[in-house]
Amino acid sequence: MSVGIVAPPWLAVPPPAYGGTENMLDALARGLQRAGHEVLLFTTGDATCPVPRAWCYPHALGVGTGGAADECRQVVEAYEALRDVDVIHDHTLVGPLHACGFPERPVVTTNHGPFNAILAPIYRAVGDRIPVIAISRHQASTAEEGVVTAVIHHGLDVDRVPVGEGEGGYALFLGRMHPDKGVDIAIAAAQASGMPLRIAAKMSEPHERQYFDAQVAPLLGASVEFVGEVGGAEKFELLGAATCLLNPVRWAEPFGLVMIEALACGTPVVTSDCGAAPEIVDNGETGFLCQSERVDGLVSALHRVPTLDRARCRAVAEQRFSADRMSAEHIEVYRAAIGASGRPSSVVPTDDVGRDASPDVPSSSDPLVPIARVPSAA
């Protein structure tokens, strides 16, 4: 089949550093293409995901810098560029509402955030028209009945992730510089355990800098090092050399991509027993699930984490969190959406792997060329 993926305009796909959703989209696009499907990714012009791409913004707008109008433009031009694909997978907030104006077009959406007072009404409004994918069972359990069509855990290209040996002897915090992520708790636990801590965090927005200045910077010292925002090979080097990922989040995260990235490196995860974490971390086997505000529990876990089998962590990533598994589960949702729409398409039978023969779908033979690029006024 031919699949159009609509990415938000805030970060490139994949992102140069921090960006959970964008890393997931990169893995999904690659996985769909490996499975023999045609993919057209509507993203930003600085994206490097090796599939056919289109865009209206030549550069990512940046997290926290744009507004609803910017995303509206991304969505409107994306739906025009993707008008001939078999199915659209929309990862924006505005997109599903826009899609309701095209009842004949198969569209699927993923909620990457919580089903809270802000987002829940959006998905309630579109849920009877558009299949909504949740990214964890816990996240789905917080949605209103009948809104979520499927639960699909994130995946990544595990084969592209190097296995580390944990030789650095430090715990690693990797994420955003935000109180919800528990950076200050990680520092307290690491200092109490005697294990060095490295902090790799996005810190580009004003509230992130304020939190850092007030709560984190005064605690830095010989055993606690802030290394800044990292991505790509540097991120996996830090993860692979870490004794563990220390992830004491204060909120029920819908997923937590960093945890499966750590497992893929062979690195155990010490995290909070809330949100999706129990679906990712096998307590006492690939990490430890703790109460985030209980520093003593985190300290105990840090003392015990060297006893865990790093090879088992990697094996779980390969078995449960691969991009190919993620892509296969999405394909089933796409097929159902296409079938429900009644729209003629180029979809081949389930037991046949083939490529869409539609001449209107861009070829993936030269994936780095901006296929069907939408003219930009920016």
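The values are calculated or read from the model by the stated rules, or taken from the named source; none is laboratory data. Not measured: the values here are computed from a predicted model. Quick reminder, even Gly has a Cβ in these numbers, built from the backbone with ideal geometry, and neighbours come from all protein chains shown.
So, residue 293, is that one touching a residue at least 60 places away in the same chain (Cβ under 8 Å), out of contact with any Pro (no Cβ under 7 Å at 6 or more places or on another chain) and over 18 Å from residue 21 (Cα atoms) or not? Walk me through how you get there before you give the answer.
Numbers: touching a residue at least 60 places away in the same chain (Cβ under 8 Å): yes; out of contact with any Pro (no Cβ under 7 Å at 6 or more places or on another chain): yes; over 18 Å from residue 21 (Cα atoms): yes.
For residue 293, the condition - touching a residue at least 60 places away in the same chain (Cβ under 8 Å), out of contact with any Pro (no Cβ under 7 Å at 6 or more places or on another chain) and over 18 Å from residue 21 (Cα atoms) - is met.
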Q. Take the residues of region 201-243 that are of a type in the set (D, E, K, R) and under 22 Å from residue 268 (Cβ atoms): which is surrounded by the most Cβ atoms within 10 Å (Cβ to Cβ)?
A. 235
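Within 21 Å of residue 301 (Cβ to Cβ), surrounded by fewer than 21 Cβ atoms within 10 Å (Cβ to Cβ) and not assigned by TED's automatic domain parsing to the domain that holds residue 50: is that true of residue 253 in this structure?
Values: within 21 Å of residue 301 (Cβ to Cβ): yes; surrounded by fewer than 21 Cβ atoms within 10 Å (Cβ to Cβ): no; not assigned by TED's automatic domain parsing to the domain that holds residue 50: yes.
It is false that residue 253 is within 21 Å of residue 301 (Cβ to Cβ), surrounded by fewer than 21 Cβ atoms within 10 Å (Cβ to Cβ) and not assigned by TED's automatic domain parsing to the domain that holds residue 50.
Could we say that residue 124 is surrounded by fewer than 19 Cβ atoms within 10 Å (Cβ to Cβ), of a type outside the set (Ser, Thr, Tyr) and not in a loop (DSSP other than H, G, I, E, B) here? I'd like the intermediate steps shown before the answer.
Values: surrounded by fewer than 19 Cβ atoms within 10 Å (Cβ to Cβ): yes; of a type outside the set (Ser, Thr, Tyr): yes; not in a loop (DSSP other than H, G, I, E, B): yes.
When the stated conditions are applied, residue 124 passes them.
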Q) How many residues are aromatic (Phe, Trp, Tyr), under 18 Å from residue 88 (Cα atoms) and in a loop (DSSP other than H, G, I, E, B) if we restrict to region 33-63? A) 0
Q: State yes or no: is residue 29 buried (at least 23 other Cβ atoms within 10 Å of the Cβ), part of a helix (DSSP H, G or I), in contact (Cβ under 8 Å) with a residue 12 or more places away in the chain and under 20 Å from the mean Cα position of the chain (by Cα)?
A: yes
Q. Quick one: residue 71 ticks every box in (1) more than 20 Å from the chain's Cα centre (by Cα); (2) under 12 Å from residue 8 (Cβ atoms); (3) of a type in the set (Asp, Glu) bar one, so which box is it?
A. (1)
Q. If you check 288, 321, which single one turns out to be among the aromatic types (Phe, Trp, Tyr), under 30 Å from residue 33 (Cα atoms) and surrounded by 19 or more Cβ atoms within 10 Å (Cβ to Cβ)?
A. 321
